[in-house]
Structures are given as C-alpha cells and as structure tokens.
Amino acid sequence: MTHLELENLASEYLEGQLDVVRRVQVEEHLRDCGACRELISDLQHAMELCQAAEDLEPAPWLIAKIMRATVGERKPTLREQLATFFRPATQPRLAYAVAMAIFSFSIIVNAAGLNLRKLTLADLNPRTWFYQANRTGHLLYARVEKFYYDLRVVYEIESRLRQLRSEPSKQEQEAPKPEAPPGGTTDRKAPGDTQLASVQGLMTTAASSIGAVTRMVAKGRSPSP
Amino acid sequence: MDHDPELVKRCLAGDNSAWEDLLQNHTRKIYSLCYRFTGRRSEAEDLTQEVFIKIFQTLKTFDAAQGAFPTWLARVARNHLVDHYRRTKKDRVTSSLEDELGSLEEKPSPTVEPVAQVESREHKELLQQALDRLSPDLREAVILRDLQDLDYDEIAQVLGVPEGTVKSRINRGRLELARVIKRMEGMRGPAKAGGRS
C-alpha cells in the first residue's frame, strides 16, 4: 500500500468502515511508516476536536425575531384590513371634523347663494360665488340696518332728539325777548327744566319700547314702526 | 424529531405554535451550521433568520417521503450558505474571526474547571479558525459530518452529490483540517501542542 492509498482510506479506517483485508493492509503500512502514523494521529486529533465541539447556542431573542419576521408580519386578512381602514370612523374626532366640514360648507353655500337642488353650470363659476356672496352681504347689511331703524325705541329717541334740537330755535323765534328788569326775577321756567322733563319722558318710552321689542323677538315677529 | 412531519402539517394549516416548536427544535442546529460556515456571530444570526424565512415560505414543498425534515432543512440552509458565500466572496477576508474568544456562545458547563474552560475555548477557537481556512466544498462536508453528525447518505442528499464524492470530500477535508490545526498549534507554542492526547 502506498502513502497516497493510505491517505485516501484514512477517514474510513478511523471510522471503522473498511473491510478486513483493507484494514490489515493499512495497519501493516502504519507499522512500517512513521509519517503515515503521524498523519493518522493528526487526523484523529482533528476529528476529536470536531466531535468535542458542541452546538452553539444562539442569542435568546433570535427565535422571537424569526417569529416576527415570519408569522408576525403575515399579510392581514381582508376583514382585518377593513377594520383597520374604518377604525378612525369610530373616533369622536372624526365626527367633530365632519360636523365642522358640513357647517363650513353650508355657510359657503349660503353665502354664495347656491341652490343645491337646482345647481347650474354657472353656479360652479367662482366669479358667480363672489358676486353672490357680495350681494348676500349687502342685502344682509341692508336688512339689519332697516331692522335697526324700524325699532320703536330708536324711532322715539330720534324723534325726541329732533324735537330737542328744534325747541330752542322755535322759542327764540316765537317769543319776543323780554327786557329783564334791572335786579328783578322772572317766574318763567328755565330751559333746563323743560329738557329734563323731556329726557325723563324719553327714558320711560325707551323702557316700554325695549320691553315691547323683547316680547316681539321672543314671539318671532318683526317690530312695526 | 419524529414529530417534525406532524408539526409541518400543522404549520401548513396555519398553526403558529407548531412553527414555533419547529424553530425551538432546529434553530440551534442551523445557527451552529451558519456560524461554522461564517465564523461570525452577527452574520450567523442574520443567515439563520434568512434560512428560516426561506423554510417558512417553502414549507409546502417539503415531502416527508423524500427524506427527513432535518435533512431537508440542512439542504435549504446549505444552499443558502453557498449563495451567501458566492455573494460576499469579494468582501470577505478569509482569515478573519470577528468575534472575540469570549463571544463564542457555547453553554459553559458548570462543573468545568476554569483552566479546563479556557483550554476548551482555545480548542474551539482553533477549530473555527482552521475551518475558515478550508475551501467551501471541503468545509461544508466536514461540518455536516463531524459537527452536524449527518450520515453519508444524508450529506449526499444535502449536497446533491453522490455518496462517493461525499466520502472523498470528507476525507480530504479532514486531512486538510488536521494539517491546518497542526500548523496552528505549532505556531502557538510547543507547550500547547504537546498538551494533546
């Protein structure tokens, strides 16, 4: 047996897998060949090192990580996807947002004067929206102004003020200026007393008017002048 | 191990606990295989995860009639490791052993003396460095035979080569490994080299 033949049979010899004839040939060669004995010894040492090596212990989190990467990240079912999609709908925040959106939309539609039941192509033009909003704004202002001037109390106050303004000029025009006696007194009422009485009457009328307006507003009617 | 086909069936039926059982049974083996191939702990962990993801995706292709589950698992792992080896060939420094001696995660035996423990660690480091110096073909044959304890026919199934080729590779691998170990022990010093039985 040559060195090369022994080298080729070395593993099988050490594992006891050679038949008797081959094994005897190997052993005869080993008896006479120191180099091959050393080779077999080295080989045996290497195999012992391998067999002594235990399995390595993986990090404790590795199995959990693999589970997450496989089962944990599986594709969700259609039902789960739908549940995820509609989950925000159950939150109160969405209800607030929707309510605010509807409120804002209704304000815009009202300001633009759009009739949603009879929507035309022209209604979709922003220029029309601006025109309608401007018109609605002016109409609203005019209506408020009219309401204000139609109020009985305002009417009364204004008329009294007009009266107050006109009284001194009438008195000056109608009554001749008496010559004041030197050092004497007059029994005529002072203009300040007349004005005080007028303002007191005005205050009484205003109070009654406010009461009347409050009652009318409560009944939902517009006040008449 | 005998329960593997049943666990596979349950896995395919959507039983996650069965998949976890399979992982518990085989992760250690696959991790060791990956570590012996790469010599790096972090790389071995990544590879182990990739192997099991592949296993999970191709579990329905497992046929118990064609071989045992561990053999199929080892074949998938080996193919993945070979792919990985080819992919990272340019980046790899063959002689590197990234992790420190103490990072080898073998379970320490509580009864082992500290001196014997250090010696054991040195032997494991020596073995890993020697394995790293083998060519991939020889390394995988030696690992599957001497570290994973697979039979010749199982190794032939895993590697997809005839049994004669397997025997030849294992023998050449062991001889090469023995030469490398002897050289390394000689470089470390006669005292340590002389310590072997």
Could you check B:D21 against (1) under 21 Å from B:G67 (Cα atoms); (2) more than 7 Å from chain A (Cβ to nearest Cβ); (3) touching a residue at least 24 places away in the same chain (Cβ under 8 Å) and say which number it fails?
(3)
Can you tell me how many residues within region A:36-70 are more than 30 Å from A:E7 (Cα to Cα), facing another protein chain (nearest Cβ under 7 Å) and not in a helix (DSSP H, G or I)?
4
Does B:L47 meet the test of being hydrophobic (A, V, I, L, M, F, W, C), at the interface with another protein chain (Cβ under 9 Å from one of its Cβ atoms) and under 27 Å from B:V142 (Cβ atoms)?
no
What are the residue pairs meeting all of these: first residue in region A:2-25, first residue within 14 Å of another protein chain (Cβ to nearest Cβ), second residue surrounded by 12 or more Cβ atoms within 10 Å (Cβ to Cβ) and among the small types (G, A, S), Cβ atoms under 8 Å, and 6 or more apart or on different chains?
A:N8/B:S168
Taking the conditions exactly as written (surrounded by fewer than 20 Cβ atoms within 10 Å (Cβ to Cβ), touching a residue at least 40 places away in the same chain (Cβ under 8 Å) and either outside the structural domain of B:L81 (by TED's automatic domain parsing) or of a type outside the set (F, W, Y) (or both)), does B:L12 satisfy them or not?
yes
Among the numbered conditions (1) under 23 Å from B:L131 (Cα atoms); (2) more than 10 Å from chain A (Cβ to nearest Cβ); (3) of a type outside the set (V, I, T), tell me where B:L12 comes up short.
(1)
Determine, yes or no, whether B:G160 is within 22 Å of B:D83 (Cα to Cα), crowded, with 19+ Cβ neighbours inside 10 Å and more than 14 Å from the chain's Cα centre (by Cα).
no
What number of residues within region B:130-148 satisfy the criterion of being farther than 23 Å from B:M187 by Cα, in a helix (DSSP H, G or I) and either more than 9 Å from chain A (Cβ to nearest Cβ) or of a type in the set (S, T, N, Q) (or both)?
6
For region A:68-81, state whether one or more residues are polar (S, T, N, Q), modelled with pLDDT of 85 or more and surrounded by 10 or more Cβ atoms within 10 Å (Cβ to Cβ).
yes
Would region B:158-167 turn up any residue that is at the interface with chain A (Cβ under 9 Å from one of its Cβ atoms) and at pLDDT 90 or above?
yes
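The values are calculated or read from the model by the stated rules, or taken from the named source; none is laboratory data. A quick note: this is a predicted structure, and the numbers were derived from the prediction, not measured. Cβ coordinates were reconstructed from backbone atoms using ideal geometry, including for glycine residues, and neighbour counts include every protein chain displayed.
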